[in-house]
1. Which residue, of GLN131, GLN93, GLN106, is within 14 Å of ARG172 (Cα to Cα) and either of a type outside the set (A, V, I, L, M) or assigned to a helix (DSSP H, G or I) (or both)?
2. So LEU6 passes all but one of these: (1) part of a helix (DSSP H, G or I); (2) crowded, with 16+ Cβ neighbours inside 10 Å. Which condition number does it fail?
3. Would you mind finding the one in GLU24, GLU59 that is charged (D, E, K, R), within 24 Å of SER107 (Cβ to Cβ) and part of a helix (DSSP H, G or I)?
4. Scanning for something surrounded by fewer than 18 Cβ atoms within 10 Å (Cβ to Cβ), in contact (Cβ under 8 Å) with a residue 40 or more places away in the chain, within 19 Å of MET98 (Cβ to Cβ) and touching a Lys or Arg at 6+ places or on another chain (Cβ under 9 Å), does the stretch 157-171 turn up at least one residue?
5. Test SER139 against the stated conditions and say whether it is without any contact (Cβ under 8 Å) to a residue 60 or more places away in the chain and closer than 16 Å to PRO12 by Cα.
6. Any idea which of (1) surrounded by fewer than 18 Cβ atoms within 10 Å (Cβ to Cβ); (2) touching a residue at least 60 places away in the same chain (Cβ under 8 Å); (3) under 20 Å from ASP28 (Cα atoms); (4) not β-branched (Val, Ile, Thr) is the one ALA150 doesn't satisfy?
Amino acid sequence: MSMLHLKLETDPRWVNIVESNIEEILTDHAWCEQKAATNAITIITHNSEHEELVTALLELAKEELEHFQMVHNIIKARGYTLGRERKDHYVNQLYKFMNRGGSRLQSMVDRLLFSAMIEARSCERFKLLSQRIKDPELSKFYHDLMISEAGHYTTFITFARKYGKDIDVDKRWQELVAFEGEIIKSYGKSETIHG
């Protein structure tokens with residue numbers, strides 16, 4: 001956990017809630033991957049002048065789409081169906097942290113930090129699932145994804161620091177960590193990745 005700097009760890013009993021409705025967690029997870037791919041493309045669209053960022057986030061978006069496909073394959077193999085897109089209340093609340101009136105640079109740094117935080121929390125949840133879920137296939141699946149999400153977290157935070165040289169990125173990150181620590185207190189009660 002120390003690597004991810006999260007303030008609050010998820011109550012392990014959350015996994016019991018997940019296990020009571022595997023179809024729901026898989027649908028929610030699939031849409032999380034879709035949103036992650038879309039988020040990366042949105043960042044590219046708004047910051048296309050940064051060649052290195054575009055190159056890295058194209059790879060990341062492709063990986064998130066592959067994850068979406070992997071989750072969908074598990075859903076199909078188990079005879080489930082991919083339900084309608086789920087709203088992610090956690091992400092919507094986290095989004096409120098973003099700086100609205102600042103410069104383009106400030107907006108980009110905030111968006112990168114916001115993205116890093118979602119990856120960090122997803123990584124923490126995947127780790128918990130990999131350790132505690134009784135389903136061996138899903139345990140291995142979430143272990144593999146945990147490693148990938150940790151890499152994505154690093155990508156976002158590294159670019160925030162690279163481009164935000166004139167901004168106190170570490171101070172901004174600490175503010176976001178504190179903000180997320182408050183939000184997450186009301187989660188861990190439903191069978192969704194961030195629920």
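1. Answer to the selection: GLN106.
2. Evaluating LEU6 over (1) part of a helix (DSSP H, G or I); (2) crowded, with 16+ Cβ neighbours inside 10 Å leaves (1) as the failure.
3. GLU59
4. No, the stretch 157-171 has no match at all.
5. yes
6. The failed condition is (1).
Every number here is computed from the coordinates shown, using simple stated rules; none is lab data. Keep in mind that what you see is a predicted model, and the values were worked out from it rather than measured. Virtual Cβ from ideal backbone geometry, glycine too; neighbours counted across all protein chains shown.
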